[in-house]
Amino acid sequence: MSAIPYFSFLQAGFTVHGDIVSDHGLTCVGLVDGNIASTNGLVHIAKGSVVRGNVVGEHVVLDGTVEGEIRARSSVLLNGRVKGRVIYGGTIRLGEGADLEGATLSRAPILEYSETTRTDTAAHSETIS
């Protein structure tokens, strides 16, 4: 089996109405009216992009806008705008451009992909105003 990393790119000007599910990394520069989920790799929501739904991935980098929940099983880097809950299993970094509008930050041990769909995650939460 090859160790070549796979990566998908949703370019600017592209709009998706529905959910995107991937088994590898993804960069979104367009508009998604639905959820984005990746079982492996990095999910990058680029500057200028908007996701109106939840974002789930191993590692999540937000430079654009997410109007929904972010669940990162390992790490999350917030440089953009999030309107919703942020749950992370490892580390979180807030960049200078982070805009957490009513967001709740929660650290929880999210171990497997199937765990990300649970709504009863016990976590330490902090509400940001």
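Put a dot 7 Å past the Cα of GLU101, heading toward its Cβ, do the same for THR15, and the two dots end up 1.9 nm apart. Couplings 3J(HN,Hα) of region 99-108, computed from phi: 10, 9, 7, x, 7, 10, 9, 9, 9, 9 Hz, in residue order, whole Hz [Karplus 6.51 cos²θ - 1.76 cosθ + 1.60, θ = phi - 60°; x for Gly and Pro]. Annotation: amide H of VAL16 within the under-5 Å range of LEU31, VAL32, ASP33, sequence separation 5 or more or interchain, hydrogens built in the peptide plane. Here region 7-127 carries DSSP beta bridges of which approximately 10% are antiparallel, counting only pairs with both residues inside.
For the pair LEU94 and HIS24, label points projected 7 Å from Cα toward Cβ lie 3.5 nm apart. For the listed peptides 56-66, 27-37, a ranking on the average number of other beta carbons within 10 Å per residue, highest first, reads 56-66, 27-37. Note that region 84-93 has calculated 3J(HN,Hα) couplings of x, 8, 10, 10, 9, x, x, 10, 9, 10 Hz, one per residue in order, obtained from phi through the Karplus relation 6.51 cos²θ - 1.76 cosθ + 1.60 (θ = phi - 60°); glycine and proline are x.
Evaluate Rg over Rh across region 7-127, taking Cα atoms for both radii and Kirkwood's formula for Rh.
0.93
Once the Cα-Cα distance is subtracted from the 0.36 nm per residue extended length, the GLU67 to LYS47 segment shows a gain of 5.8 nm.
Each of LEU94, GLY64, ALA108 was scored by the projection of its Cα onto the charge dipole of region 63-112, and the greatest displacement toward the positive side belongs to ALA108; charges sit on the C-beta of Lys, Arg, Asp and Glu.
Every number here is computed from the coordinates shown, using simple stated rules; none is lab data. This structure is a prediction, so every number in the text was calculated from the model and none was measured. Neighbour counts run over all protein chains shown; Cβ positions are idealised from the backbone, glycine included.
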